[in-house]
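Have a look at the structure below, then the notes.
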Amino acid sequence: MNRIVGTHDIVLVTLDTLRHDVAEELCAAGETPNLAAVLPGGRWEKRHTPGSFTYAAHAAMLAGFLPTPAAPGPHPRLFAAAFPGSETTAPQTWTFDAADLPTGLADAGYHTVCVGGVGFFNNRTALGSALPSLFAEAHWEPEFGVTDPDSLRHQVDRIVAVLAGLPASRRLFLLLNVAVLHQPNWFYLPGATRADGDTRASHAAALRHADAGLGRLFGLLRRPSLVIVCSDHGTAYGEDGHTGHRIGHEVVWTVPYGEFLLT
């Protein structure tokens with residue numbers, strides 16, 4: 001990371017609420033071709049989230065605590081705030097003297113941009129402004145949110161405008177929080193109605209929809225870029241009687257992760 005920071009744009013795409021098992025199944029079946037084309041080996045990495053719901057997970061990730069490999073560690077981190085005693089800060093870790101990653105990257109000369117999706121990024125309340133306030137530039141509109149089936153297209157349109165206004169010499173740190181997978185997602189499943197509600201099948205349909213928008217995004221990003229694509233947490237659809245997230249269940253804590261360079 002010490003060779004990446006300052007020479008590459010850095011892009012963090014959080015596919016809010018995406019389950020690892022669904023992501024893996026669709027990738028193996030060839031149903032998410034744009035993601036498979038960029039993921040190392042064409043596959044997701046299995047990791048554990050630092051938080052069981054959006055705010056907690058993003059607060060941790062934006063402090064440098066990305067999802068952790070689902071295997072015994074310790075696992076060196078890509079980014080870390082400088083503090084004594086860290087067991088996951090290694091020579092290859094880029095360290096910053098700030099409380100959060102956007103501020104650390106801004107101090108390193110990056111223009112920091114957040115394009116939000118779910119309500120924790122809506123800038124409409126004090127809580128909905130907490131995460132966006134870490135960035136120099138933050139965007140959210142109702143059409144970026146969970147109720148608009150075309151939210152990802154609107155978000156990528158906004159990113160096009162952001163990129164157009166950024167000098168070529170200025171490095172970019174972009175957070176894109178994708179709302180497509182988050183409930184409600186029933187409308188992505190052909191033939192489903194509101195009465196049917198969200199299901200594992202509609203979750204999968206939402207991921208197929210997201211894949212197309214992500215393919216467009218990857219084509220638009222500047223080169224060279226380090227791109228991290230992951231879920232912030234999963235969600236339950238009746239497993240062991242559970243529905244939703246903010247619970248300590250395997251389908252919530254286990255998330256898909258991928259990182260790659262676009263050159």
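Here is how the numbers come out for the structure above:
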{"item": "Selection count where residues are part of a helix (DSSP H, G or I) and not acidic (D, E), scope the range 123-150", "result": "10"}
{"item": "Sole exception among (1) hydrophobic (A, V, I, L, M, F, W, C); (2) touching a strand residue (DSSP E or B) at 6+ places or on another chain (Cβ under 7 Å); (3) over 24 Å from E141 (Cα atoms) for A204, by number", "result": "(2)"}
{"item": "Residue under evaluation F120, criteria (1) under 15 Å from the mean Cα position of the chain (by Cα); (2) part of a loop (DSSP other than H, G, I, E, B), criterion not met", "result": "(2)"}
{"item": "Filtered residues of the range 22-62 (kept if among the hydrophobic types (A, V, I, L, M, F, W, C), crowded, with 17+ Cβ neighbours inside 10 Å and more than 18 Å from F79 (Cα to Cα))", "result": "V22, A23, L26, C27, L35, A36, V38, L39, W44, F53"}
{"item": "Given (1) in contact (Cβ under 8 Å) with a residue 24 or more places away in the chain; (2) part of a helix (DSSP H, G or I), number of the condition D157 does not satisfy", "result": "(1)"}
{"item": "Test: residue in the range 75-89 that is of a type outside the set (D, E, K, R), within 19 Å of V118 (Cβ to Cβ) and open to solvent by less than 30 Å² (accessible area, probe 1.4 Å)", "result": "no"}
{"item": "Elements of type strands (runs of 3 or more DSSP E) contained in the range 169-263, each with 2 or more residues being among the hydrophobic types (A, V, I, L, M, F, W, C), closer than 30 Å to T103 by Cβ and open to solvent by less than 10 Å² (accessible area, probe 1.4 Å)", "result": "172-178, 225-230"}
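Quick grid of which residues meet (1) under 21 Å from the mean Cα position of the chain (by Cα); (2) farther than 25 Å from A206 by Cα; (3) free of Cβ contacts under 8 Å to residues at least 24 places away in the same chain:
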| residue | (1), (2), (3) |
| --- | --- |
| D21 | yes, no, no |
| E25 | yes, no, no |
| E31 | yes, no, no |
| F53 | yes, no, no |
| G64 | yes, yes, no |
| P72 | no, yes, yes |
| R77 | yes, yes, yes |
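The values are calculated or read from the model by the stated rules, or taken from the named source; none is laboratory data. Since the model is a prediction, treat every value here as computed from it, not as a measurement. Methodologically, a virtual Cβ is constructed for each residue, glycine included, from the backbone with ideal geometry; neighbour enumeration extends over all protein chains shown. For the accessible areas, the whole protein counts, side chains as well, though only heavy atoms, and no ligand, DNA or RNA atoms are used. Shrake-Rupley method; radii C 1.70, N 1.55, O 1.52, S 1.80 Å.
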